[in-house]
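Below is one structure; the comments refer to it alone.
The values are calculated or read from the model by the stated rules, or taken from the named source; none is laboratory data. Since this is a predicted model, take the numbers as computed values, not measurements. In this analysis, Cβ positions are derived from the backbone assuming ideal geometry, glycine residues included, and neighbour counts consider all displayed protein chains. Surface areas here come from the heavy atoms of the whole protein model, side chains and all, with no ligands, DNA or RNA. Shrake-Rupley method; radii C 1.70, N 1.55, O 1.52, S 1.80 Å.
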Amino acid sequence: MLKLVYLAKRKPGFAFDDFVRRWRMHGARGMEGSFWRHALAYVQAEPLRPTPVAGTSEAFDAIAIFAVRDDAFAAMTPDDIAGAKTMAQDELETFSAPIPTTALWVDEERLLDGEFGGIAAYLFFADEVSARAAAALALASGALHRIVVNRRRDAGPFGPQADTLPYGAIVELAASSVDALTSALGAGNAGLVAAADVAVITREVVFWDRRAT
């Protein structure tokens with residue numbers, strides 16, 4: 001499985017709610033394209049406004065996960081290439097910058113293998129060691145239903161130049177409620193949030209999940 005995570009800002013001029021509606025349309029447009037036959041998962045993690053956890057960031061407007069089969073880019077058809085151009089243009093009408101400039105290809109390790117959906121914290125770390133330490137603390141809390149460590153994959157389908165976010169690892173922490181997530185993050189919301197370079201609290205909207213098939 002090839003997995004992309006992006007951390008984006010809305011195009012200037014959009015109010016946040018208007019941007020979210022536009023982002024939903026962007027996702028739906030992608031699902032209409034021929035390349036979608038390779039898709040395994042697509043999740044839009046919408047940052048909560050205002051953030052319910054002290055110390056977490058409100059500087060970003062969109063986090064998404066897009067996963068495809070390992071061979072997805074091996075034989076692009078003319079329709080796939082045309083669709084990619086359409087999506088690139090749509091990105092310019094949705095986000096402040098093209099998605100390839102705000103993304104990481106990652107290898108995931110599921111420490112707690114739960115479904116997408118619910119409330120989730122995305123913690124971005126400069127290095128994998130710090131990310132693993134944080135994930136271990138979160139696992140010990142017993143308050144979460146999904147814990148994933150995503151390691152930077154510079155050997156991804158487009159090489160290291162495609163990894164444009166300045167992070168070495170991303171941790172996904174998902175819970176059924178804000179209260180459960182807050183409990184997992186530590187007393188006073190300080191422990192795991194303070195350890196991360198960037199932490200964002202989101203509501204996950206699942207467009208597609210066929211990873212088990």
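Rounded to 0.05, the FRET efficiency of the Arg29 and Ala59 pair, given R0 = 25 Å and the Cβ-Cβ distance, is 0.45. Amide H contacts for Trp208 (H built 1.01 Å from N in the peptide plane; partners 5 or more residues away or on another chain; cut-off under 5 Å): Tyr42. Hey, any idea what % of region 68-118's accessible area is carbon plus sulfur with a 1.4 Å probe? That fraction is 56 percent. Springs join every pair of Cα atoms under 10 Å in this Gaussian network model of the chain, and among Asp71, Asp61, Asp90 the largest mean-square fluctuation is at Asp71.
Phi angles of region 57-66 translate, via the Karplus equation with coefficients 6.51, -1.76, 1.60 and θ = phi - 60°, into HN-Hα couplings of 8, 10, 7, 10, 10, 7, 10, 9, 10, 10 Hz per residue; Gly and Pro are given as x.
In the chain, helices alone account for a calculated mean residue ellipticity at 222 nm of -8500 deg cm²/dmol, with every DSSP H run of four or more residues adding -39,500 (n - 2.57). A Gaussian network model of the chain, with springs between Cα atoms under 10 Å, assigns the largest mean-square fluctuation among Ala59, Ala180, Ala120 to Ala59. Computing FRET efficiency as 1/(1 + (r/R0)^6) for Asp179 and Ala82, where r is the C-beta to C-beta distance and R0 is 35 Å, gives about 0.15. Between Asp154 and Leu137, the modelled label-to-label distance comes to 2.7 nm, taking each label 7 Å out from Cα in the direction of the beta carbon. Accessible area per residue was computed with a 1.4 Å probe on protein heavy atoms; Leu192 scores about 10 Å². What does the C-alpha gyration tensor say about the overall shape of region 110-192? Classify as rounded when a/c is under 1.5, otherwise prolate if a/b is larger than b/c, or oblate. Judged from the Cα gyration tensor, region 110-192 comes out prolate (a/c at least 1.5, a/b above b/c).
The length gained on full extension between Asp70 and Phe16, counted as 0.36 nm times the residue separation minus their Cα-Cα distance, comes to 16.0 nm. State, as an integer percentage, the relative contact order of region 1-120 based on alpha-carbon contacts under 8 Å between residues 6 or more apart. Relative CO of region 1-120 lands at 45 percent.
For Lys11, the aspartates and glutamates whose Cα falls under 19 Å of its own Cα, not counting residues fewer than eight places away in the same chain, are Glu46, Glu58, Asp61, Asp90, Glu91, Glu93. Give the shape of region 9-127 as rounded, prolate or oblate, defined through the alpha-carbon gyration tensor: a ≥ b ≥ c are the square roots of its eigenvalues, a/c under 1.5 means rounded, and otherwise the shape is prolate if a/b is larger than b/c and oblate if not. Judged from the Cα gyration tensor, region 9-127 comes out oblate (a/c at least 1.5, b/c at or above a/b). Centre-to-centre, using Cα atoms only, region 1-75 and region 165-211 are separated by 16 Å.
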